[in-house]
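Every read-out reported here was derived from the displayed coordinates using simple, explicitly stated rules and does not represent laboratory data. No experiment lies behind these values; they were computed from the predicted model shown. Every residue, glycine among them, receives a Cβ derived from its backbone with ideal geometry; neighbour counts consider all protein chains shown.
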Amino acid sequence: KQEVTQIPAALSVPEGENLVLNCSFTDSAIYNLQWFRQDPGKGLTSLLLIQSSQREQTSGRLNASLDKSSGRSTLYIAASQPGDSATYLCAVPFSGGYNKLIFGAGTRLAVHP
Amino acid sequence: DAGVIQSPRHEVTEMGQEVTLRCKPISGHDYLFWYRQTMMRGLELLIYFNNNVPIDDSGMPEDRFSAKMPNASFSTLKIQPSEPRDSAVYFCASSLAPPQPQHFGDGTRLSIL
């Protein structure tokens with residue numbers, strides 16, 4: 001059964017720091033992994049999607065890597081800004097599936113000026 | 001381009017009442033997903049549709065929950081009778097064929113007294 005764990009649960013940093021958020025999953029037979037952002041009172045916004053054949057994806061100051069063999073993904077945020085404050089969730093498809101996503105509990109990030 | 005639209009944004013009702021949540025997916029998206037988010041259990045998939053047909057409802061907690069998609073632009077999630085433990089934020093999401101990212105609405109915050 002696929003399980004997704006995110007560490008740390010919460011993070012508070014000063015503006016300008018480079019950050020690493022971690023996601024681990026128990027079943028390495030995944031088709032892809034996605035990172036989402038959730039702002040308070042809002043739905044989720046897809047940030048990056050990494051296919052199983054890829055090792056990383058980049059979008060602006062965000063870089064996500066995927067190591068299927070070890071069951072890990074990291075989200076790297078460069079030069080953090082207060083506007084990056086949000087909860088970040090990773091998600092993978094259910095074991096053997098493609099359409100159904102299972103989400104981690106998220107990392108709650110606060111970037112203070 | 002309009003995103004996923006959910007209504008109502010907030011619902012407060014008494015135990016035993018019927019609750020109907022509504023969702024309008026993004027035009028052209030043929031997948032629709034209903035999720036529930038709570039502090040204890042995180043984000044859980046309840047049911048998803050493809051081309052208006054329910055594909056997997058294994059996440060629906062009980063017979064008190066039902067979902068319909070009468071056409072490509074409208075879906076409902078109904079709880080009857082409602083119970084306090086149903087209190088949560090319910091999200092609707094839509095997408096093109098996976099692994100295209102899912103687009104989430106802003107959710108309905110449901111409180112059952």
*Would you say B:Gly59 is under 27 Å from A:Thr107 (Cβ atoms), in a loop (DSSP other than H, G, I, E, B) and small (Gly, Ala, Ser)?*
yes
*Mind checking which residues of the stretch A:33-48 are crowded, with 19+ Cβ neighbours inside 10 Å, over 10 Å from the mean Cα position of the chain (by Cα) and either assigned to a strand (DSSP E or B) or of a type in the set (Lys, Arg) (or both)?*
A:Gln38, A:Leu44
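On the given criteria, is B:Gly16 of a type in the set (Gly, Ala, Ser), in contact (Cβ under 8 Å) with a residue 40 or more places away in the chain and either within 14 Å of chain A (Cβ to nearest Cβ) or not in a strand (DSSP E or B) (or both)? Break it down into steps so the answer makes sense when it comes.
Numbers: of a type in the set (Gly, Ala, Ser): yes; in contact (Cβ under 8 Å) with a residue 40 or more places away in the chain: yes; either within 14 Å of chain A (Cβ to nearest Cβ) or not in a strand (DSSP E or B) (or both): yes.
Taking the combined requirement at face value, the residue satisfies it.
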*Pick out the one residue from A:Gln2, A:Gln34 that is closer than 29 Å to B:Cys23 by Cα and more than 11 Å from chain B (Cβ to nearest Cβ).*
A:Gln2
_What pairs come out if I take residues in the stretch A:3-16 that are polar (S, T, N, Q) and pair them with residues that are not in a strand (DSSP E or B) whose C-beta lies under 7 Å away, six or more apart or interchain?_
A:Thr5/A:Gly104; A:Gln6/A:Gly104; A:Gln6/A:Ala105; A:Gln6/A:Gly106
*Just checking, which of B:Phe91, B:Phe33, B:Phe104, B:Phe65 is touching a strand residue (DSSP E or B) at 6+ places or on another chain (Cβ under 6 Å) and farther than 26 Å from A:Tyr88 by Cα?*
B:Phe65
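Conditions tested, residue by residue: (1) more than 15 Å from B:Glu44 (Cα to Cα); (2) in a strand (DSSP E or B).
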| site | (1), (2) |
| --- | --- |
| B:Lys78 | yes, yes |
| B:Tyr90 | no, yes |
| B:Pro98 | yes, no |
| B:Pro101 | yes, no |
| B:Ser111 | yes, yes |
_Per-region count, the stretch A:78-104, residues surrounded by 17 or more Cβ atoms within 10 Å (Cβ to Cβ), within 12 Å of chain B (Cβ to nearest Cβ) and in contact (Cβ under 8 Å) with a residue 12 or more places away in the chain_ = 11
*Would you check if there is a residue in the stretch B:28-37 being surrounded by 21 or more Cβ atoms within 10 Å (Cβ to Cβ), at the interface with another protein chain (Cβ under 10 Å from one of its Cβ atoms) and under 24 Å from A:Arg37 (Cβ atoms)?*
yes
*Looking at (1) under 14 Å from the mean Cα position of the chain (by Cα); (2) closer than 22 Å to B:Phe91 by Cα; (3) of a type in the set (Ser, Thr, Tyr), can you tell me which one A:Tyr98 breaks?*
(1)
*Under 7 Å between Cβ atoms, at least 6 apart or on separate chains: pull out the pairs that start in the stretch B:76-89 with a residue that is without any contact (Cβ under 8 Å) to a residue 60 or more places away in the chain and among the β-branched types (Val, Ile, Thr) and end on any residue that is surrounded by 21 or more Cβ atoms within 10 Å (Cβ to Cβ) and not in a strand (DSSP E or B).*
B:Val89/B:Gly107
*asked:* Can you report the number of residues in the stretch B:39-73 which are under 14 Å from A:Ile102 (Cα atoms) and surrounded by fewer than 15 Cβ atoms within 10 Å (Cβ to Cβ)?
replied: 2
